[in-house]
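The values are calculated or read from the model by the stated rules, or taken from the named source; none is laboratory data. Being a predicted model, the structure only gives us computed values, none of them experimental. Heads up, the Cβs are rebuilt from the backbone with ideal geometry, glycines too, and the neighbour counts pull from every protein chain shown.
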Amino acid sequence: MVLSALVVFFESPGPGNVQAATAGNQVLNIVNGDNQNSPSVTSQPLDDATVLKLLSENGVPTKYAYLPNFNFNSTSSAAVNPLYERSPAPIGVSDYGYSTNSGVKTTYSYDTNGFLGSFMYEGMDPFYLQNNNPGTVAIQLNSVLNHVTVQGNSSYVFWIQNVMLFTPSEHTMQIVANIWSFSTPGMQFPGNAILSGNGAVIPGLFYYSVGPLLTNLPEAFTTIVYADSVMNGLNNAVDFKYEVTGTESSSTVPITTYDTVTFNSVVPGAVLPAPAAKFHVSGTATTPAGYLYDSELVVTGPGSGSTSTMYAANGQLKLQFKNSAGTYNNVPAAYNFGSNTGETIQGLSSWWTSTQSPIAHLSLGPSILVPLWGSDVTRSGATNVQGTLDPPNSFMFISAGTSFDSTTAAWAPVSQNGSFTFALPGGLTYSAKVMMSEFVAQTFNPMFAEEETNETDGGGPPSDVGGGGDENETAAYFNVTLSLDKSTGIYTPLYAYGNDQVKYLTLGNSNVTGPVSAKNLTPGMIAGAGTPGDPYLIENNQYRQLDQLFARTNGFMFPVFSGIMLVGTNASVEINNPAPFAVQYPATMASTLQNFGLPYSNNLNLMFYNTSSVAVFGGTSITGWFSSSLAGFPAASLMFWNSTDFLVGGNHFNTMSNGLLVYNGNGADSNGVVWGNYFVKNHISGSTYAPHLLNGTDPVGVMILGSGNLVYNNYFGLESSAYSPDTDIYTGGQASYSNNWDLGSKLPTNYTNTVLGHVLTGVIVQVSYQGGNYWSSFDGNIPFTDSGRIASGGDYYPLIVPKYDVTFASTGLPSGLSWTVTLDDTTVISTSSTIVIQAENGTHSFKIGKPQNYMATPSTGTAIVNGENIIKDITFSLIEFQVTFTQSGHPAGALWTVNLNGDVKTSTGSTITYMKDNGTYSYYITGHSHYTATPDSGKILVYGADALESITFVNTTYSIVFMASGMPSGSHWGVTVNGIVHTTDAASMSVMVSNGTYSYTIAPPAGYDASPASGMLLILGSDVTVEVQFTEKTYPVVFDVRGIPSGTEWGVTFNGQDFNTTTSSITFDVVNGNYNYTVTSVNGYTAQVSQDSVTVNDQGITVEVQYQQNPNHLMTAGLMGGGAAAGIGAGIAVAYMLWRKPPA
């Protein structure tokens, strides 16, 4: 499709990986597989290292892969929170499924068939030299598609990305689609997930498709990208669409679908369609991979985890979801940064207005991470800040709040003349810190008071801020002048944009003493005049680590800052023995660095962009490392990019990744000279860190990616000393570089060559001529091309000297542990017990690179070579640090225990001590069963120093108090609690126990019963009292009667107690003792024993009472019996007569 102004065409990004996308042509190319159950390239969980390795192996350009934020801490499904805490971050507008008001989070969720992301462009100037294109950014629409069906399984979750890869300076935009799997914690992309599409599947990794390339974009336009969930036949599918609108019809492209990706949803022979998949936003749940169910429209670096920096910005973003009617609504609530997205940016401010509907505005400013609408944290409108910094190349950081917070502060871009005008999210108070090397830093808490509030139309932000205006906007003014104080030295990077700013970098080398305002500087205070005869002089005045604000990286370890960056200068500049620009990473990065296997310190690099007449000379140690995550990106300790007429001379490059990179892609000769430098391995190349560094095990000395450079009289002590390919590292296209790697002949040692005022003469090694370079890897071939790494030309006159073996023999290292030897400037790594380095005659210095946690003896020294091989003995010993646990509160003499990573120690004292090497160790504390330790477990970090952990024991036992009554004083009794017997002669006793359930049984004194006799107790954080009532035991004394008629009343007087009955027995319950009794008389009967006594001794007694009838009583009874019988008979007769009635 070709329009009169805007041109649209499709391109293939890589070597056969992606088919050209043409209308109506659905072609899917699956790399290393097919689209039916193909095996994955990787079955291991994805991380940044695995992803970047697979991208490289499969020829996927870095600009076509947009990575998830691999380096986040897992989010609990019960607490969905953003995954970034500070810049650099993906900046724009995102919906996380919740809003926050008065500190209270209100969550929501919804499903939708699609999202659109609208990017209105009115101006941008991104720049980051270590990207695949320094002036390119990406605008990413990223959303999560839920319940996608693959082969009948509807539990799949995919991350859908529709990306605008935008290069403002070239007026071009490439549309790119990515799909990643969030279906499992490991994120492996199923090789059979995609049925058709215009792109390529890298099984196990992701799907990507390169859409149209838009060229000749106007100065102002709007591009809208869409991601729609649709059905393609019976299968789930996603439509990737875009449209472009401009001020003129010639710059307009209607909504166009450039790729329909169809999932392999149904099995062969299916007749029913798969359930519809929906994009999902939720504030209460996370995906199976741990990422958020969110939607993001964010500005970032151009792919593969990169970052970028913004120096001008004016635009708007709209993020909308498709409603049930098929039209679009704004997201309910928003933040100004993404979370799932891995690429980042800095120097871009996102704020919002709501005159008609919520819109996110993009403008120049610090990237402060805050909520937008749906929250009471910020308000609609912006705080428009204007001011100046003096010196103009000072650094300013801004944080939200009344006190400056370095953990959340963001860098604020300032223009070349020191002025700044940017918009901050409205409704907040801000604090700032301004600093520059050789000047006294100033902190402002807060940085200004708001003024000139306009609550009607806002009047818009300052004219060059951009982004539109709205209600409640305020204007603030902030002017800062720093005072010179040379004692501060270099504690920030040294940046200069244009010649005028360079002079402020020279003041540490001038004759100025005492504080001086930058406004009062005179030419005499400046070291140099910027002319060939009197260049500006910048020297090494670093006395301490740089401020940790400059140690920042993004999640893929792309550094935010360089040590030196000169841009657009043509004044003569001499950087003499450049500062190391050493940084120590903050403690907040310790776990990240440890997880990545990276060092805790670094050196920032030196970068020169579009400069001329710069000399970097006499550096004692130009060094620094880059993470392996920068593979495929240009990164080196010293970089000249599109620069000319430079000199790199007399420096020592202690190379960890890449030493020197020269790039000139504009076709002109660089006319650079590289002379008299040592390129050797840093000792870190032999450490355990090396595999995690860019080219860590095989660092590169010089990368020449341009023409017209002279490289001679250098010492290359690396396996990969030079690299000058026949491809352009940025475009991937063919390139032909023509450089001189020697002087063209052998010349006398006193030959001189004057470059930028430096007279270059002599030879770096002991040979009798000048010519080319010394190569430790010289293979005898002329020209020397370093095994073909120099694609065109080579060194025809290398410097060749006789060498002898210097053998370093080690003892004390475990088998397989690597160590290094640096002899002069040659570093060799080995896991064997010996390292052999060849050296010519003379005295050579050596340094031993010890493994982590080991000490070498000797660690440095000299080796004297005099026409024969020599041996140096090295002894290693393990370095350990004291890890001490101190306790308080534990019972004296009682054992307590520390388990440190399985190493268990006990003590009855106050300390337990270990000796451990660097690392993170888990510990567990135990003590007396009645005491609890705080903390009782945790992790302790040993990092180059002794470590101390304090433990506090607290008594967590409680009393069961048994209170007894009812027994004589001094009685012996007891209680058994959970099988343990306790006794006492007192009226009470206490048993100490911890929380739990306990059984008890009472053992009463002899002759007594207890109530209760037993029971169960629950101890739950307090004492318990049990009242026990003892009563003396009683025994029955039973009197059984014999010899009297049943029903006859009889009785006993027992111990003074009378009791009569008509039953056959009388029972008395009594305690032990002697008791008297008397049997009562019964008329006509005589008891055989009328009185006596009994003794009760722990058992009952039965006394038989025997009555005998008196003789005279028997006769009387007989007479009375005959009369009675006659009377009874008469009575019956009378009764009968009375009962019977007469007849009627």
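Return yes or no: is residue 65 surrounded by 13 or more Cβ atoms within 10 Å (Cβ to Cβ), touching a helix residue (DSSP H, G or I) at 6+ places or on another chain (Cβ under 8 Å), modelled with pLDDT under 75 and not basic (Lys, Arg)?
No.
Considering segment 886-926, the qualifying strands (runs of 3 or more DSSP E), each wholly inside and each with 2 or more residues that are more than 30 Å from residue 592 (Cβ to Cβ), run over 896-900, 903-907, 911-916. Taking the stated definitions as given, is residue 563 modelled with pLDDT under 95, outside the structural domain of residue 416 (by TED's automatic domain parsing), of a type outside the set (A, V, I, L, M, F, W, C) and surrounded by 21 or more Cβ atoms within 10 Å (Cβ to Cβ)? Here the answer is no, as residue 563 does not meet what is asked. Could you run through segment 962-1007 and say how many residues are buried (at least 18 other Cβ atoms within 10 Å of the Cβ) and over 15 Å from residue 1026 (Cα atoms)? The qualifying residues number 3. Taking the criterion of being crowded, with 22+ Cβ neighbours inside 10 Å and within 12 Å of residue 704 (Cα to Cα), the residues of segment 642-682 that qualify are 658, 659, 660, 661, 662, 663, 664, 670, 672, 673, 674. The combined condition, being at pLDDT 85 or above, in contact with a helix residue (DSSP H, G or I) (Cβ under 6 Å, 6 or more places away or on another chain) and surrounded by 15 or more Cβ atoms within 10 Å (Cβ to Cβ), is not fulfilled by residue 441.
Which residue is modelled with the highest pLDDT, if the candidates are limited to segment 491-528 and must be surrounded by fewer than 16 Cβ atoms within 10 Å (Cβ to Cβ) and in a loop (DSSP other than H, G, I, E, B)? Taking the candidates together, the pick is 522. Can you name every residue in segment 716-727 that is out of contact with any Pro (no Cβ under 8 Å at 6 or more places or on another chain) and buried (at least 24 other Cβ atoms within 10 Å of the Cβ)? Result: 716, 717, 721, 722, 724. Within segment 612-623, the presence of a residue that is buried (at least 24 other Cβ atoms within 10 Å of the Cβ), of a type outside the set (Val, Ile, Thr) and assigned to a strand (DSSP E or B) is excluded. The strands (runs of 3 or more DSSP E) located wholly in segment 655-709 that include 1 or more residues which are among the basic types (Lys, Arg) and more than 22 Å from residue 56 (Cα to Cα) occupy 678-681. Within segment 284-333, the set of residues being surrounded by fewer than 21 Cβ atoms within 10 Å (Cβ to Cβ) and assigned to a loop (DSSP other than H, G, I, E, B) comprises 284, 285, 288, 290, 323, 324, 325, 326, 327, 332.
Taken over segment 43-67, the criterion of being acidic (Asp, Glu) and in a loop (DSSP other than H, G, I, E, B) is satisfied by 47 alone.
Among the residues of segment 577-613, those that are aliphatic (A, V, I, L, M) and touching a residue at least 60 places away in the same chain (Cβ under 8 Å) comprise 579, 590, 598, 604, 607.
Among the conditions (1) assigned to a helix (DSSP H, G or I); (2) in contact with a strand residue (DSSP E or B) (Cβ under 9 Å, 6 or more places away or on another chain), the only one that residue 634 does not satisfy is (1).
You will find that of 1105, 1094, the residue that is modelled with pLDDT of 90 or more, under 17 Å from residue 1049 (Cα atoms) and in the same structural domain as residue 1055 (by TED's automatic domain parsing) is 1105 and no other. Scanning segment 914-931 for residues that are loosely packed, with under 15 Cβ neighbours inside 10 Å and of a type outside the set (A, V, I, L, M, F, W, C) turns up 917, 919, 920, 922, 929.
In segment 738-828, which strands (runs of 3 or more DSSP E) lie fully inside it and hold 3 or more residues that are over 30 Å from residue 878 (Cα atoms) and not acidic (Asp, Glu)? Full working, then the answer.
On the way: elements: 753-755, 758-760, 804-811, 819-823.
In segment 738-828, 753-755, 758-760 are the strands (runs of 3 or more DSSP E) which contain 3 or more residues that are over 30 Å from residue 878 (Cα atoms) and not acidic (Asp, Glu).
Could you tell me whether residue 337 is of a type outside the set (Ser, Thr, Tyr), at pLDDT 95 or above, outside the structural domain of residue 432 (by TED's automatic domain parsing) and more than 19 Å from residue 222 (Cβ to Cβ)? Considered against the rule, which asks whether it is of a type outside the set (Ser, Thr, Tyr), at pLDDT 95 or above, outside the structural domain of residue 432 (by TED's automatic domain parsing) and more than 19 Å from residue 222 (Cβ to Cβ), residue 337 comes out as yes. For segment 475-490, the count of residues that are assigned to a loop (DSSP other than H, G, I, E, B), over 30 Å from residue 363 (Cα atoms), modelled with pLDDT under 80 and out of contact with any strand residue (DSSP E or B) (no Cβ under 7 Å at 6 or more places or on another chain) is zero. Quick check: is even one residue across segment 686-708 surrounded by fewer than 23 Cβ atoms within 10 Å (Cβ to Cβ), closer than 27 Å to residue 750 by Cβ and out of contact with any Pro (no Cβ under 9 Å at 6 or more places or on another chain)? Taking every residue of segment 686-708 in turn, at least one turns out to be surrounded by fewer than 23 Cβ atoms within 10 Å (Cβ to Cβ), closer than 27 Å to residue 750 by Cβ and out of contact with any Pro (no Cβ under 9 Å at 6 or more places or on another chain). Going through (1) more than 20 Å from residue 229 (Cα to Cα); (2) touching a Pro at 6+ places or on another chain (Cβ under 9 Å) one by one, residue 264 falls short only on (1). For segment 232-241, indicate whether the set of residues that are within 26 Å of residue 309 (Cα to Cα), within 35 Å of the chain's Cα centre (by Cα) and modelled with pLDDT of 95 or more is non-empty. Looking for residues that are within 26 Å of residue 309 (Cα to Cα), within 35 Å of the chain's Cα centre (by Cα) and modelled with pLDDT of 95 or more, one finds none in segment 232-241, hence no.
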